[in-house]
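Here the structure comes first, spelled out in structure tokens, and everything after it is commentary.
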2 protein chains.
Amino acid sequence: MKRNTWQREAVREALDGTGGFISAQALHSALHASGSPIGLATVYRALGDLASTGEADSLQSPDGEALYRACSTTGHHHHLICRNCGLTVEIAADEVEAWAKRVAGEHGFTGAAHVVDVFGLCADCTAAQRGADERRADATANGSSSSHPA
Amino acid sequence: MKRNTWQREAVREALDGTGGFISAQALHSALHASGSPIGLATVYRALGDLASTGEADSLQSPDGEALYRACSTTGHHHHLICRNCGLTVEIAADEVEAWAKRVAGEHGFTGAAHVVDVFGLCADCTAAQRGADERRADATANGSSSSHPA
DNA sequence: ACTGATGTTGACAATCATTATCAATAGACC
DNA sequence: GGTCTATTGATAATGATTGTCAACATCAGT
């Protein structure tokens, strides 16, 4: 049988209280910081459960960490994520759904699923960044790798 | 200075000889199997280099592994990947590019980048699967998790 | 409220991918 | 060939995640 424990609730609430995506480790730290003695393994389990129930979305950060987020829509949707502050906006993408299905079909693929996420700098971070850029004029290119996203 | 070593060539060729995406570990095993004494660390380094040069694309598998692939187009493109056999088709997605840029703009985001990949079953695997489904009538739902892709 | 069966927890060990270390090696240019 | 130094590779180190298992807490029935 499925039991309700304060630990699971704690994880759910902590996740709700977070604007964007957060890693299991970070969420555990946050909970600890706010006085909860919850164990790391439990956080992982709770997040896994939430993700499989559809109550939370998960994605892989470019450095291989799993990130979770409590989403308002239980249905299908995508994300627009600020790569600086983590602010996340849920977006519908009917066009893209259709496109994915069509492209898959054109190549004989069935059971099409897709991963679609947009990363960028939110308005606030863009402003902050611009300020920073003006202050320092070092033209050093950023060394970030992560080829695929573009 | 940048030196040319047979190791880097070996990795490049092994990657070229692979249809779809492959993990660093798997590529290393493959190289070993074909008699190359190349070291694991070197495979990681070579793949990292290829990825940062744009000669290879990389993405995160749902279980947190980094997968690499030698792509014909050095420019920007996306992938249609068979989740069963790994067959990969490169696809252009101008519509999606435009969509991503527009959505980002609508929410005040700048520097929009995106991750767009379509997973499915290729024609061959679909056929094979259908055959298998007919043979066994166990209606057990698949237990796969991985919430987000849809 | 009491109790028993069992789902759940949490500390820790184990695993797995990836990165760092560093002495030995081998390209590139003379 | 000789020198300089980027590169290699065996191994240790790191970091995220999962497995283990005894102790515990929850829920249903009383």
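With chain B treated as a Gaussian network of Cα nodes joined by springs under 10 Å, which of B:G105, B:G86, B:G20 yields the largest mean-square fluctuation? Evaluated over chain B, the most mobile residue of the options is B:G105.
Per residue of B:64-75, other chain Cβ atoms within 10 Å of the residue Cβ number 2 on average.
Evaluating kT/(6 pi eta Rh) at 37 °C and 0.692 mPa s, with the Kirkwood radius of the protein assembly as shown over Cα pairs in the Stokes-Einstein relation, gives 153 µm² s⁻¹. Entry note, segment A:1-72: relative contact order of 35 percent, from Cα contacts under 8 Å with a spacing of 6+ residues.
Counting other Cβ atoms within 10 Å as a rough exposure proxy, the listed residues A:I38, B:I81 run A:I38, B:I81 from fewest neighbours to most. Expressed in Å, the radius of gyration and Dmax of the Cα atoms of segment B:76-144 are 17.6, 53. Taking a sphere under 11 Å around the Cβ of B:C71 and counting the other residues whose Cβ falls inside, with K and R at +1 and D and E at -1, yields a net charge of -3.
Mean residue ellipticity, 222 nm, helices only, chain A: the sum of -39500 (n - 2.57) across DSSP H runs of n ≥ 4, divided by residue count and rounded to 500, is -12500 deg cm²/dmol. Peptide A:102-108 is shielded by partner chain Cβ atoms: per residue, an average of 6 of them sit within 10 Å of its Cβ.
Partner aspartates and glutamates whose Cα lies under 20 Å from the Cα of A:K101, excluding those fewer than 8 positions away in the same chain, are identified as A:D117, B:E90, B:D94, B:E95, B:E97, B:D117, B:D124. Computed from the C-alpha gyration tensor, the three semi-axes of the ellipsoid equivalent to segment A:1-72 are 17, 15, 11 Å, from longest to shortest.
Counted over chain A, the DSSP beta bridges are approximately 75% antiparallel. Put in order of Cβ neighbour count within 10 Å, fewest first, the listed residues A:D124, A:D133 become A:D133, A:D124.
For the protein assembly as shown, the antiparallel share of DSSP beta bridges with both residues in that region comes to about 80%. Of B:L50, B:L40, the sequence from fewest to most neighbouring Cβ atoms within 10 angstrom is B:L40, B:L50. The residues neighbouring A:S61, those whose beta-carbon lies less than 15 Å from its own, together hold a net charge of -4 under the Lys/Arg +1, Asp/Glu -1 convention. Relative to one another, the C-alpha centroids of segment B:15-50 and segment B:87-104 are positioned 29 Å apart. Over chain A, the Kirkwood radius and the radius of gyration, each from Cα atoms, give a ratio Rg/Rh of 1.04. Take each residue in A:119-125, count the other chain C-beta atoms within 10 Å of its C-beta, and the mean is 6.
No lab work stands behind these numbers, since they all come straight from the coordinates. The model shown is predicted, which means the values in this text are computed figures rather than measured ones. Positions of Cβ are generated from backbone atoms using ideal geometry, with glycine treated the same way; all protein chains shown enter the neighbour counts.
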